[in-house]
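Taking it in order: structure first as structure tokens, then the write-up.
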Amino acid sequence: MRTLLRFMLFGAVAIPAFAQDPPPPDPPGASHPPVHAVRTDRPVSVDGLLNEDVWKNGEAISSFTQRDPDQGLPPRQRTEVRLAFDDDAVYVGARLYDTAPDSVVARLARRDNSAGSDAFGVMFDPYRDKRTGYYFMVTAAGVLLDGILMNDGWDDDSWDGVWQARAQRDKEGWTCEMRIPFSQMRFRSGEHMVWGVNFQRTLTRHGEQDALVYTPRGGSGYVSRFPELQGLDGLKSPRHIEVTPYVTNKTEHLSFENGSLSTYDPADPFHGGWKAKPAAGGDLRTSLGSKLTLNASINPDFGQVEIDPAVVNLSDVESFFSEKRPFFTEGVSIFRCGNNGANDYPGFNWPEPIFFYSRRIGRTPQGSTPSADYTDMPLATHILGAAKITGQLMPGWNVGTVQALTNREEATLRTGANETRYGVEPLTYYGVFRGMHEMNDRRQGLGLMTMTTARVFDGSGDPLRDQLNRNSVVTAMDGWTFLDQKRKWVISGYATGSVAQAGTARMTNLQRSFPHYYQRPDRPDLGVDPTATSLAGWGSRLWLNKQEGDVIFNAALGALSPGFDNNDLGFLFGGDVVNAHVFTGYQWQKPNSWRQYANVMGALASTWDFGGNSSLKALWIGGNLEQRNRWSWNASTFIQGAAFSPRKTRGGPLMASKPSASWSLYFDTNGNKPWFWYISANPYISADGSWSQSVNPSIRWRPVPNLGLEGGPDFYRGHTDSQFWDNNGTLATGSRFAELEQTQLSMNLRADYSATPNVSFQVFLQPLISTLRFHDLKELARSRTYEFVPVAPGPGTGGTFGSLRGNAVVRWEYLPGSTAYLVWTQERAAEDGVDEFDMAHSYHVVSRAPANNVFMVKLAHHFDL
């Protein structure tokens, strides 16, 4: 494995040596004539009417081509676009002709949700790096969508700029106007500036996308194909300051404790009645010269984001939830590490680490408290302040950093008349530093990223010293190089290392926990060191990917050492693993009378631990079919041979795993229609007797253009022959298991109503019931086997868990960037000892469960100084 790491580091260092190769020829589409922007000295009223003189010049762009469904053919409808600019903003005016104007699809929805409407968009590459950029779109109903472009083909819609657009429908089709301030984009000032630009139009009723340039089927590269945008001569990157202060008032009534489900005593002095919590804070956005942008937030509040769904997790991996807080989602593509260069990164049981998992900042306090009559535990760690700096220092050099400081959190404990405070999370600093250098017209790239966490404990006697790391550092180097002039083949990958430091008690616990398990008796190369005050590890991964063509190919080899740990500011799905796969297939990209697209694929994958034990030998086969009517079909199977599981006993001896097979089946209808539905099914069987089946049908319906309803049941039922119980057995192995019967039913329900493009009402609701029955307790007889010795019969255990989570959000963007929110969040949860699934009983469990209610009003006003 050290050889693999050396090879990865050598490859990263050697990348610049390839930079002397001659540049490749321009990709298809790059020969499109330049697009010209016209300077205007007269104000443009953004009303969508196109009645200003600047929209009547002869500089219209109309050379669109179909991307879908009939690639390369002329569009069904004509489109004319003009660009203008002044010192503050770029303006876009588009006339979207339609011979059947009554058939234009215009559905109202919240921002960043097209709702299957006709739409028009402009894409800019201001740095002209042919790899990154921005997109701005507006639907025929006036709904705004925006985001960033990255990796020459990927996009991220989490970024929300402050800009304006309006749309109008008339007898010739529809029109739109956009005003996009230059302050919302980063670019280098100059006398003769050249950007990249592209335009795209969507005609929903035909399932059609038209554009100036696009990525051909079976091809790669998108931003690199953009035509030149000329005419912005003498434009200066503006120095600006945007300030968005906010005030909020949160009123809450808590009836039970999250996690334990313990109902608060009516005499609890901390949780009786309603409590109001007013707060204030603000966001700042400003340019640091013409090359960098600073985003900062003081006392941020994210009460308007959607609540996380409930889960029942019986594994040794913590539940992963995606980031939803705007400050941490907007413009963070620069912090994506490890997966740059190639357009596809299949895994096949590879536990790809997430190097920067921003939900660690402001997380639920991690410390435990001693027993008390009553405890007031903070629900989240308070973020004192956070800042991001991103930009491009010079052509090809992208940089970024995130800095955050979270407060020391204390629980309040009361026993009798005595009240004390007990630390549950220390004052903590988080820092992320990122740099990426692209060379030789993007043929090579080399990046470096460092994540650091430092905690300040309250003196030498702080109990948190025994529960948390004192500090940790993770560094990763990633990069890519194309192997041929046509950029069909690319090698990409990364090498990473981690170091965590803590006191001996915490370090002992860390060595014994997921994913390290240093106490495993059949791994003499590990072993728990009770005197250790640090833990170090490394990882590496290399991919070889074929970027385009009918034949699909991808291969990878990677490893994560037993000591690698990035969980302080990242997310780790596994460790002590060596994984490799070979993946190939064929795709039919040219449509015919009934097929729009199809492929068939297969892969072989293997995994070992660092002790040489095989933990995976697998075959994967799958295929996809999209019909001309936009119905889609997907099917795959994953067949695993006999192997060993180093984690099944959670620190105990190695355990054999029997052959198994799983299937994934999926079908959906045309997503552009008002009525859309899909269904997925995922059966599983194993030679050890385990089996499961999950079925998830769902619908999305728009009964009227401004109302969307979505939801469906997710039903799971299964039998697990060996569910881990504990490591307190009497045999040499010590690992005990139980058979498990589980039935679970949940639903994700959403409603989205929009009165205007700027006023919306959304509701999310997730009921969940899960019944568990554990029985036939047994103990692993010997290491490296799947043989058990029954434990003395005892009563079965289990029960029903019921949960109902949801929130309702009214959002009003009364001015660009200025928003008012009214939010109600409720959570109900309870459990009992009934271990047989019964819908009527489960309904009573949930309906009678105590509720936590939170009401919040928030007002954020944007100032452009």
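Quick notes on this one:
Conditions (1) closer than 28 Å to PRO463 by Cα; (2) at pLDDT 95 or above, marked per residue:
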residue	(1), (2)
ARG523	no, no
GLY570	yes, yes
VAL577	no, yes
THR584	no, yes
ALA598	no, yes
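- Test for ASP283: is it more than 21 Å from the chain's Cα centre (by Cα), among the charged types (D, E, K, R) and crowded, with 18+ Cβ neighbours inside 10 Å: yes
- Residue in the stretch 175-183 that is open to solvent by 30 Å² or more (accessible area, probe 1.4 Å) and over 17 Å from ALA119 (Cα atoms) present: no
- Which listed residue is in a loop (DSSP other than H, G, I, E, B), free of Cβ contacts under 8 Å to residues at least 60 places away in the same chain, closer than 30 Å to GLN184 by Cβ and open to solvent by less than 60 Å² (accessible area, probe 1.4 Å), from PHE321, PHE356: PHE321
- Within the stretch 428-456, residues that are modelled with pLDDT under 95 have Cβ atoms under 8 Å from residues that are open to solvent by 40 Å² or more (accessible area, probe 1.4 Å) and basic (Lys, Arg) in these pairs: ASP441/LYS130; ARG442/LYS130, counting only partners at least 6 apart in sequence or on another chain.
- Residue in the stretch 546-554 that is buried (at least 20 other Cβ atoms within 10 Å of the Cβ) and over 28 Å from the mean Cα position of the chain (by Cα) present: no
- Residue satisfying condition, being out of contact with any His (no Cβ under 8 Å at 6 or more places or on another chain) and either within 30 Å of GLY161 (Cβ to Cβ) or loosely packed, with under 14 Cβ neighbours inside 10 Å (or both), within set ALA829, ALA840, ALA849: ALA840
- Residue in the stretch 760-776 that is farther than 29 Å from PRO850 by Cβ and either outside any strand (DSSP E or B) or hydrophobic (A, V, I, L, M, F, W, C) (or both) present: no
Here is a yes/no grid of residues against (1) under 30 Å from ILE334 (Cβ atoms); (2) of a type in the set (Asp, Glu):
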| site | (1), (2) |
| --- | --- |
| GLN403 | yes, no |
| GLU410 | no, yes |
| GLY445 | yes, no |
| MET449 | yes, no |
| PHE457 | no, no |
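- Condition check for LEU384: in contact with a Phe, Trp or Tyr (Cβ under 8 Å, 6 or more places away or on another chain), more than 24 Å from SER290 (Cα to Cα) and not in a loop (DSSP other than H, G, I, E, B): no
- All positions within the stretch 639-665 that are outside any strand (DSSP E or B) and surrounded by fewer than 16 Cβ atoms within 10 Å (Cβ to Cβ): GLY641, ALA642, PRO659
- Condition check for VAL305: among the hydrophobic types (A, V, I, L, M, F, W, C), surrounded by fewer than 20 Cβ atoms within 10 Å (Cβ to Cβ), within 23 Å of ASN807 (Cα to Cα) and in contact with a Pro (Cβ under 9 Å, 6 or more places away or on another chain): yes
- Filtered residues of the stretch 126-140 (kept if at pLDDT 95 or above and open to solvent by less than 20 Å² (accessible area, probe 1.4 Å)): PHE136, VAL138, THR139, ALA140
- Among (1) over 27 Å from PHE764 (Cα atoms); (2) touching a residue at least 24 places away in the same chain (Cβ under 8 Å); (3) open to solvent by 40 Å² or more (accessible area, probe 1.4 Å), the one test that HIS253 misses: (1)
- Count - residues of the stretch 184-211 that are under 28 Å from the mean Cα position of the chain (by Cα) and open to solvent by 40 Å² or more (accessible area, probe 1.4 Å): 2
- In the stretch 212-250, of all residues being touching a Ser or Thr at 6+ places or on another chain (Cβ under 7 Å) and surrounded by fewer than 17 Cβ atoms within 10 Å (Cβ to Cβ), the one that is farthest from SER297 (Cα to Cα) corresponds to LYS236.
- Within the stretch 579-617, the residues that satisfy the criterion of being in contact with a Lys or Arg (Cβ under 6 Å, 6 or more places away or on another chain), of a type in the set (S, T, N, Q) and touching a residue at least 40 places away in the same chain (Cβ under 8 Å) are GLN589, GLN596.
- Scanning the stretch 784-813 for residues that are on the phi < 0 side of the Ramachandran plot and either without any contact (Cβ under 8 Å) to a residue 40 or more places away in the chain or in contact with a His (Cβ under 9 Å, 6 or more places away or on another chain) (or both) yields GLU787, PRO790, ALA792, PRO793, GLY794, PRO795, GLY796, THR797, THR800, GLY802.
- Test: residue in the stretch 49-62 that is modelled with pLDDT under 95 and open to solvent by less than 10 Å² (accessible area, probe 1.4 Å): no
- Residue that is farthest from ALA115 (Cα to Cα) [pool: residues in the stretch 754-775 that are touching a Lys or Arg at 6+ places or on another chain (Cβ under 9 Å) and of a type in the set (Ser, Thr, Tyr)]: SER760
- The strands (runs of 3 or more DSSP E) found wholly in the stretch 472-572 and carrying at least 1 residues that are within 24 Å of THR364 (Cβ to Cβ) occupy 489-501, 534-546.
- Hits in the stretch 756-799 - residues which are closer than 30 Å to TRP812 by Cβ and of a type outside the set (A, V, I, L, M, F, W, C): THR756, PRO757, ASN758, SER760, GLN762, GLN766, PRO767
- Selection status of ASP102, more than 24 Å from the chain's Cα centre (by Cα), open to solvent by 40 Å² or more (accessible area, probe 1.4 Å) and without any contact (Cβ under 8 Å) to a residue 24 or more places away in the chain: yes
- The set of residues in the stretch 157-207 being among the β-branched types (Val, Ile, Thr), assigned to a strand (DSSP E or B) and over 18 Å from ALA141 (Cβ atoms) consists of ILE180, VAL197.
- Hits in the stretch 792-813 - residues which are open to solvent by 30 Å² or more (accessible area, probe 1.4 Å) and either modelled with pLDDT of 95 or more or touching a Phe, Trp or Tyr at 6+ places or on another chain (Cβ under 9 Å) (or both): GLY796, THR797, GLY798, ARG805, VAL810, ARG811, TRP812
- Complete set of residues in the stretch 757-770 that are of a type outside the set (A, V, I, L, M, F, W, C) and open to solvent by 20 Å² or more (accessible area, probe 1.4 Å): PRO757, ASN758, GLN762, PRO767
- Output for the stretch 743-756, where each listed residue is of a type outside the set (Gly, Ala, Ser), open to solvent by 20 Å² or more (accessible area, probe 1.4 Å) and assigned to a strand (DSSP E or B): GLN744, LEU745, MET747, LEU749, ARG750, TYR753, THR756
The values are calculated or read from the model by the stated rules, or taken from the named source; none is laboratory data. What you are looking at is a predicted structure, and each value in this text was computed from that prediction instead of being measured. With ideal geometry, Cβ positions are generated from the backbone for all residues, glycine too; neighbour counts draw on all protein chains shown. When the accessible area is computed, the model is the full protein with side chains, heavy atoms only, and any ligands, DNA or RNA have been set aside. Shrake-Rupley method; radii C 1.70, N 1.55, O 1.52, S 1.80 Å.
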